[in-house]
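Chemist: After the structure tokens below, expect a handful of questions from me.
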Amino acid sequence: QVQLVESGGGLVQAGGSLRLSCTASGRSFSTYDMAWFRQAPGKEREFVARIIWNGSRLYYADFVKGRFTISRDNARNTAYLQMNSLKPEDTAVYYCAAGRGVADTVSGYNYWGQGTQVTVAS
């Protein structure tokens, strides 16, 4: 019902920046909370950031506070993750997710994108 496609990943040097985008299909984008998760090889998928359906509340994992910013443009059916001051430990596949009445766990989201690779070189 909701299809999500991420873009914007790539290779950057430590201290650099990337902006990830997540574009959704369908007509109900503005009714969903949107979130970003990430997963490194051999590790569990972990919460990064969430923005509620109307964009008025933002939530972040402690390890990205002050460095990453989540935003959304409902008119464009798109969510974003601006990542600054990147560290090698930020290297992971980053996934966009959508859900209603959710929080910061994988099980709280109904729809997922295919992921985009972010690699931070030291």
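The values are calculated or read from the model by the stated rules, or taken from the named source; none is laboratory data. Keep in mind it's a predicted model, so treat the numbers as computed, not measured. No Cβ is skipped: glycine too gets one built from the backbone with ideal geometry, and neighbour counts run over all protein chains shown. The protein model used for the area step is the full one, side chains on, heavy atoms only, and it has no ligands, DNA or RNA in it. Shrake-Rupley method; radii C 1.70, N 1.55, O 1.52, S 1.80 Å.
Chemist: With each label point set 7 Å from Cα along the Cα-Cβ vector, what nm distance links residue 52 and residue 74?
Modeler: 1.2
Chemist: Still on this structure: Under 5 Å between amide hydrogens, which residues at least 5 positions from residue 91 or on another chain qualify, with H placed 1.01 Å from N in the peptide plane?
Modeler: Answer set, sorted by chain and number: 120.
Chemist: Relative to 2.2 N^0.38 Å, what does the C-alpha radius of gyration of the chain come to as a ratio? Two decimals please.
Modeler: That works out to 0.97 for the chain.
Chemist: Among 96-109, 26-39, 56-69, how do they line up by average Cβ neighbours within 10 Å per residue, starting with the highest? Could the numbers behind the result be given before it?
Modeler: On the way: 96-109: 17.4, 26-39: 19.9, 56-69: 13.9.
Top to bottom by mean Cβ count within 10 Å: 26-39, 96-109, 56-69.
Chemist: Let me check I have the definition right: for segment 34-91, take the eigenvalues of the Cα gyration tensor, multiply each by 5, take square roots. What are those semi-axes in whole Å, largest first?
Modeler: Those come to 21, 12, 10 Å.
Chemist: Taking only protein heavy atoms and a 1.4 Å probe, what accessible area per residue, in Å², does the chain have with all protein chains in place?
Modeler: On the way: 6240 Å² over 122 residues.
Heavy-atom SASA per residue in the chain reads 51 Å².
Chemist: Between segment 55-93 and segment 10-50, what is the separation of their alpha carbon centroids in Å?
Modeler: 7
Chemist: Same structure again: Mean separation of Cα pairs under 8 Å and 6+ residues apart, divided by the residue count of the chain: what relative contact order is that in percent?
Modeler: Once normalised by length, the contact order is 36 percent.
Chemist: Considering only protein heavy atoms and a probe of 1.4 Å, how much of the accessible area of the chain is carbon and sulfur, as a whole percent?
Modeler: With neighbouring chains kept in place, the figure for the chain is 46 percent.
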